[in-house]
Amino acid sequence: MGNEATTRLRQGKGTVLRSERMRVVVAGAGFAGLTAADRIARRGHEVIVLEARDRVGGRVWSAELVPGDPRTVVERGAEFVLDGYDVMRMMLSEFGLDLVGTSMSYYEREPRGGDPTTLAEVARCAQVVAAAAASAPPGTAVAVAASAWQDSPAALAAFLSRVATTHGVNCERLSSLSVADVTSDFTNRPTWRVAGGNQQLAELLAARLGQAVRLRSPARSVEHDEDGVRVLTDDDAVAADAVIVALPMAVLRELPFSPALPEHLLAAWRQAGLAHNAKLHVPLDAPAPASAVQSVPDLFWTWTATDGSGIVQPVLHAFAGTEEGLAALEVARGPATWARRAAALRPDLAMDLDRALLTIWNDDPWARESYSAVTVAQAPCHDEVIGAPVGRVHFAGEHTAGAWSGLMEGALRSGVRAADEVLASWA
């Protein structure tokens, strides 16, 4: 390929030594790509990060709902920091960013809109379905595992609505693997966010990388052989010793590679489930308590939460899921229908519906999905295959993070793993 990124020195009879410093190109400046690039750069190697957008962070995107009002910072993408986010906590501490409690629980949501049920009853349903899912054969759908629950239909409806909303896939397609250990997700536990916005972590990583981060530079194709790689953009071709592709799965599947990648890897990519989710943020005209309320029939949930000030933000947040759910909320036509449904669900809140903000990740050309989902189409060995390197081509992103897929922690962990793969290959 003629890659000149690496200087080779010849000593003795045919002994070829590489220079101590390599060049690595990273496609994608989300949490995964930036973490990988930062880890490699801090080991003294050269990195170049190519990002299609005019900002870093990918599907982590913080913004002021009401411009100029820092009380209204919202997360248009990934939001909650949950139990076990050890890598994220470590990185936040390194940069001096604070986690703040939300005064509500991501895990416990009051079900409304369907037949009456209780949180305790829904939690019992989750236990029964999780036990059935844990022993179900591969390819079993959540809807099938859910038949193990023979008690309250209202509790089952609330459970299935929440699971489908969270995973962005209906329960007839969603794999029972998604709920095999879901029991703890229905208990009241604390929930956090980054004070001032989660995207700050990406911005600080990018600032430390400096000019290595190139915005408005989408990777268009990847050429690779035993000597190196070349990543083509709209303006040039970046030659390097290795590449880490940290793009969302929906985008990755369409990225040309030359030569083509192994069929077993491409098959795993094709089988990967793509979640359909959207977020809605609505300003509030009056103070509100912290809360978490689920619309059982409409496949969305809402919350009000404290921020770094310790005061509940003047914002209603909402999250919806599945293609069917988003279509019923008419999100393709804008926020109006969903905002009205949210107002009907939450008559306890005074909302400014005219200033509702809608974010749809599946319509974003650089995402085309909210995150990955485990569907019945995926083979049992999916996690071992989907992120496996091919020569000098490595992969990162939440979709490669196994049990942590779909989460900010998964993206960060995948960046660490991909960086260590590259560093080990150079040792």
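The values are calculated or read from the model by the stated rules, or taken from the named source; none is laboratory data. None of the values given here were measured: they were computed from a predicted structure. Cβ coordinates were reconstructed from backbone atoms using ideal geometry, including for glycine residues, and neighbour counts include every protein chain displayed. Only protein heavy atoms, including side chains, enter the accessible area calculation; ligands, DNA and RNA are left aside. Shrake-Rupley method; radii C 1.70, N 1.55, O 1.52, S 1.80 Å.
Reported count of residues in the range 104-113, each being surrounded by fewer than 18 Cβ atoms within 10 Å (Cβ to Cβ) and over 12 Å from Asn188 (Cβ atoms), is 1. Can you confirm whether Thr306 is among the polar types (S, T, N, Q), within 22 Å of Trp192 (Cβ to Cβ) and either in contact with a His (Cβ under 8 Å, 6 or more places away or on another chain) or buried (at least 18 other Cβ atoms within 10 Å of the Cβ) (or both)? So Thr306 fails the test. Is the range 276-298 home to any residue that is over 18 Å from the mean Cα position of the chain (by Cα) and basic (Lys, Arg)? No: zero hits. Would the range 276-295 turn up any residue that is under 15 Å from Trp361 (Cβ atoms), in a loop (DSSP other than H, G, I, E, B), touching a Gly at 6+ places or on another chain (Cβ under 6 Å) and not hydrophobic (A, V, I, L, M, F, W, C)? Scanning the range 276-295 turns up at least one residue that is under 15 Å from Trp361 (Cβ atoms), in a loop (DSSP other than H, G, I, E, B), touching a Gly at 6+ places or on another chain (Cβ under 6 Å) and not hydrophobic (A, V, I, L, M, F, W, C). For the range 345-359, filtering for residues that are open to solvent by 40 Å² or more (accessible area, probe 1.4 Å) and more than 27 Å from the chain's Cα centre (by Cα) leaves 5.
Within the range 211-232, the only residue that satisfies the criterion of being under 15 Å from Gly28 (Cα atoms) and touching a Lys or Arg at 6+ places or on another chain (Cβ under 6 Å) is Leu232.
Yes/no per residue for (1) open to solvent by 40 Å² or more (accessible area, probe 1.4 Å); (2) modelled with pLDDT of 95 or more; (3) outside any loop (DSSP other than H, G, I, E, B); (4) hydroxyl-bearing (Ser, Thr, Tyr):
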| site | (1), (2), (3), (4) |
| --- | --- |
| Asn3 | no, no, no, no |
| Val26 | no, yes, yes, no |
| Thr35 | no, yes, yes, yes |
| Asp38 | no, yes, yes, no |
| Arg53 | no, yes, no, no |
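Residues that are touching a Lys or Arg at 6+ places or on another chain (Cβ under 9 Å) and within 24 Å of Arg76 (Cβ to Cβ) within the range 175-191 comprise just one, Asp185.
Would a scan of the range 392-404 turn up a residue that is of a type in the set (D, E, K, R), surrounded by fewer than 18 Cβ atoms within 10 Å (Cβ to Cβ) and out of contact with any helix residue (DSSP H, G or I) (no Cβ under 6 Å at 6 or more places or on another chain)? No; the residues of the range 392-404 include none that is of a type in the set (D, E, K, R), surrounded by fewer than 18 Cβ atoms within 10 Å (Cβ to Cβ) and out of contact with any helix residue (DSSP H, G or I) (no Cβ under 6 Å at 6 or more places or on another chain).
Determine which single condition Thr165 fails, assuming it passes every other condition in (1) touching a strand residue (DSSP E or B) at 6+ places or on another chain (Cβ under 8 Å); (2) in a helix (DSSP H, G or I); (3) of a type outside the set (A, V, I, L, M); (4) open to solvent by 50 Å² or more (accessible area, probe 1.4 Å). With (1) touching a strand residue (DSSP E or B) at 6+ places or on another chain (Cβ under 8 Å); (2) in a helix (DSSP H, G or I); (3) of a type outside the set (A, V, I, L, M); (4) open to solvent by 50 Å² or more (accessible area, probe 1.4 Å) applied to Thr165, the lone miss is (4). Of Glu384, Glu369, all but one fail to be at pLDDT below 95, acidic (Asp, Glu) and closer than 30 Å to Ala36 by Cα; the exception is Glu384.
Out of the residues in the range 171-223 that are assigned to a helix (DSSP H, G or I) and free of Cβ contacts under 8 Å to residues at least 40 places away in the same chain, which is nearest to Gly402 (Cα to Cα)? Among those that are assigned to a helix (DSSP H, G or I) and free of Cβ contacts under 8 Å to residues at least 40 places away in the same chain, it is Ala207. Is there a residue in the range 260-276 that is closer than 22 Å to Arg53 by Cα, touching a strand residue (DSSP E or B) at 6+ places or on another chain (Cβ under 6 Å) and surrounded by 22 or more Cβ atoms within 10 Å (Cβ to Cβ)? The answer is yes; a qualifying residue exists.
Within the range 124-143, can one find any residue that is among the basic types (Lys, Arg), in contact (Cβ under 8 Å) with a residue 40 or more places away in the chain and over 21 Å from Trp404 (Cα atoms)? Scanning the range 124-143 turns up no residue that is among the basic types (Lys, Arg), in contact (Cβ under 8 Å) with a residue 40 or more places away in the chain and over 21 Å from Trp404 (Cα atoms).
When each of Ala292, Ala286 is tested for being of a type in the set (Gly, Ala, Ser) and surrounded by fewer than 18 Cβ atoms within 10 Å (Cβ to Cβ), the lone residue that passes is Ala286. Applying the criterion of being assigned to a loop (DSSP other than H, G, I, E, B) and without any contact (Cβ under 8 Å) to a residue 40 or more places away in the chain to the residues of the range 382-391, the residue that is surrounded by the fewest Cβ atoms within 10 Å (Cβ to Cβ) is Pro389.
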